[in-house]
Amino acid sequence: MSDSQVVQQSSDLSASSVTGKLPPELKPYKEPLFPKIALFVGIAIYFVFLLVPFADSTVTQRGGLAIILVAAWFWATGCIPSGYVMAVPVFGTAFLPGMKFGEILQTLIHPSLPMLLGPALIVCMWSRWGFTRRMALYVLSKVGTSVRMQAVTWLILATSISFVAANVVIAIALTPIVLEMLKAVGYNSPDKLLKSKSAMLIIIAVGIGASLGGFLTPMAGGQAAITWTQLCQTLGYTVPMAPFAGRLALPVFLSIIPVALLFGIFLPADARRFEGSEDYFREELAKMGPLSRSESWGVTIFLFAIILPFSQPLWQPAIPEGIDINPNVIFGTITCILALIPAPDKGAKVTPFPYEKNERLLGMNSIRILPVQAFLIWPTAMSISILVNKTGASELMVPLLGSYWNLPPYVGTGLFALFCVVLGNVASDTGAAGMLAPVVASATVAAGENPIPWLLMMGYTVNFSFMVPSATGTMALPIALGGKASWRLPVYGFFCAAVCGAVSWLFWGTVHAWDLTFWFTL
């Protein structure tokens, strides 16, 4: 392949990451035969559970448990596109006794979806008008050419944005910028990226960073939204966003420290500095021109949307009784408003799409950036979290989960953290949360335990889904490598998940051992 063909392939890859459909390169590379075998194995799992009775279970209960396992199997093996797994809860329960098809479809429209979709579309709007690229180039222009400093910078940048926006969207938005930067210093094909320890260090930093920050707020990812929704249902009231973030701030920031040390010191790189890129970031930033009004409006409205939920205790008393203005309503409303506001200018000089006459701030060019099939993981996992209770499968899963709360604090939290990390790296972060949230809630309440710390620990720990490219943040890797797999992701991801799991164990073990009541209330 000629150099021009290689460059064109890289450009096409960057462009494909801003289409409305999940491109083929988002699917982990598989041998041709394996997906077919895995598909039939998943179907067989369903019928085995349906036909083989155990533990005085009903067909509906076994069917609900089978749906959980089949969805986890499909997500883990990647034998079908991630979005297609949505068919599992729909058709898996449609013919079970007591299940009504219309009610099953309704479970896909989860009440927390606006809280995820709103920030995700706003970040897509940032990318459409050039602000995401501008922000990354500005930060990197201050960093220089140090490989490890760049890796840590990308890690912190992706982590920080994913505090308040969907982790999969952050991975999709930042990866093309990383590819352009690496192409400028000679890594202009997936094969060259694969062979370079330094390039792989930076690409994986984006994916793990996008996942790492995905639990500080309920808008950060499906696993966070599922946990928040389950807390609201279990406690019987809408949990304000500020207390939720306040309880998670310390453990989230503690988990960032060892991962930053891994990328900054321990994980391998084959060069100390990139050659020939000293002025690259400044030149690319200059090409974008001054900050446009479309960028400014997008950032201002986003900050307003973030501040409203966090300041809810201040303005809630002024709202008439009976009107529930929760984060879902706020983000749903602001997203609709953005779709109506005309763009005040054409945006930055360098944007993914040319300006269209009468384009709105949040128009089709922004929506095209949203990775639709990847986004479908969330309603699927949320549907499963509802169906676990509807089918009665939660009653069967309680014995499988174990009574970790009856063990000594550090033993119980250690085993629970291990269980959550393993499941998160098999079924993906959102998938694992969808399966565990209702079970953990019902089991702790039945045992007379406070469900708050256990639900927070569950969502926080399954978030460390770093080893598989099908997780929402680590999709950055197959995007960059043209769909190819790399042993570095599961290996680097293992070490990151291990240190973060240890942080979860020590932190929540201490919370229980010392009875730190701050984390027992919301």
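Here, each number is a calculation from the coordinates, and none is a lab measurement. Please read these numbers as outputs of a predicted model, since none were measured by experiment. When we count neighbours, we look across all protein chains shown, and the Cβ atoms used for this are built from the backbone with ideal geometry, even at glycine.
For the listed peptides 170-176, 251-257, 181-187, 442-448, a ranking on the average number of other beta carbons within 10 Å per residue, highest first, reads 170-176, 181-187, 251-257, 442-448. Note on region 152-245: Cα-only Rg and Dmax are 16.7, 56 Å. By other beta-carbon atoms within 10 Å, ranking GLU103, GLU359, GLU321, GLU275 with the fewest at the front produces GLU321, GLU275, GLU103, GLU359. Normalising the average separation of contacting C-alpha pairs (under 8 angstrom, six or more residues apart) by the number of residues puts the relative contact order of the chain at 26 percent.
Rounded to the nearest whole Hz, the Karplus-based 3J(HN,Hα) values (6.51 cos²θ - 1.76 cosθ + 1.60, θ = phi - 60°) of region 213-228 follow the sequence x, x, 9, 5, 10, x, 7, 7, x, x, 5, 6, 5, 5, 5, 4, with x at glycine and proline. Among SER403, SER141, SER292, SER504, the ranking by other beta carbons within 10 Å of each residue's beta carbon, starting with the fewest, stands as SER403, SER141, SER292, SER504.
Amide H contacts of ARG273 (H built 1.01 Å from N, in plane; Pro and chain starts excluded): VAL147 sit under 5 Å, all sequence-distant by 5 or more or on other chains. Between SER311 and ALA339, the modelled labels are 2.6 nm apart [label points 7 Å from Cα along Cα→Cβ]. Most tightly packed first, judged by the mean number of other beta-carbon atoms within 10 Å of their residues, the peptides 416-424, 449-457, 334-342 read 416-424, 449-457, 334-342.
What ratio of Cα Rg to 2.2 N^0.38 Å holds for region 171-304?
Values: Rg = 19.3 Å, N = 134, 2.2 N^0.38 = 14.1 Å.
For region 171-304, the normalised Cα radius of gyration is 1.36.
Taking a threshold of 19 Å on the Cα-Cα distance, which of the pairs LYS36/LYS192; LYS183/LYS287; LYS287/LYS346; LYS100/LYS390 fall above it? Intermediate results must be reported in sequence, preceding the final value.
Values: LYS36/LYS192 30 Å; LYS183/LYS287 17 Å; LYS287/LYS346 15 Å; LYS100/LYS390 11 Å.
Exceeds cut-off: LYS36/LYS192.
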